[in-house]
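The next block holds one structure in the form of structure tokens; read it before the comments.
The values are calculated or read from the model by the stated rules, or taken from the named source; none is laboratory data. Keep in mind that what you see is a predicted model, and the values were worked out from it rather than measured. Every residue, glycine as well, gets a Cβ built from its backbone with ideal geometry; the counts of neighbours run over all protein chains shown. Remember, those area values only see protein heavy atoms, side chains included, never the ligands or the DNA or RNA. Shrake-Rupley method; radii C 1.70, N 1.55, O 1.52, S 1.80 Å.
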Amino acid sequence: MDEESENNLLSLLKSSLRIAGDEDDEMLKLIINASWDSVKSMIGTQAEFFKDNQSFKLAVLQQSTNNFLNRASSSDVDLFDTKYGMQSAVLHLKAQYQIWEDENGTTE
């Protein structure tokens, strides 16, 4: 992920989580990068597909939010369950990715 994308997602995530200060920025960047890799690995490997893809950004933000809000190492309950939202986002992106591959002549 390039620095511009990272900073854009950091700003959106902080706004979504209502975080005003910058003391958590390094941890949030770590969460964003891990979420980016995680969501991307569920979809495909062609970097061009993910550039400026709003659905992908939303999925990364959903995953990042879930990771931030549930960052305790163990818990007997999920504080915020986003499983179904992520499943829907990933399935949507997989379909978009297949169409994109067909149109661009690239395959895994």
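Of note:
- Residue check, residue 32 at pLDDT 90 or above, buried (at least 16 other Cβ atoms within 10 Å of the Cβ) and either touching a strand residue (DSSP E or B) at 6+ places or on another chain (Cβ under 6 Å) or more than 26 Å from residue 99 (Cβ to Cβ) (or both): yes
- Any hit, segment 5-17, residues being out of contact with any Phe, Trp or Tyr (no Cβ under 9 Å at 6 or more places or on another chain), surrounded by 15 or more Cβ atoms within 10 Å (Cβ to Cβ) and without any contact (Cβ under 8 Å) to a residue 24 or more places away in the chain: yes
- A count restricted to segment 9-48 and to residues that are assigned to a helix (DSSP H, G or I), out of contact with any helix residue (DSSP H, G or I) (no Cβ under 7 Å at 6 or more places or on another chain) and more than 17 Å from residue 68 (Cα to Cα) stands at 3.
- Each residue in segment 41-69 was checked for being open to solvent by 40 Å² or more (accessible area, probe 1.4 Å), of a type outside the set (Ser, Thr, Tyr) and over 8 Å from the mean Cα position of the chain (by Cα), and 9 pass.
- Failed item in (1) in contact with a helix residue (DSSP H, G or I) (Cβ under 6 Å, 6 or more places away or on another chain); (2) farther than 29 Å from residue 98 by Cα, with residue 59 passing the rest: (2)
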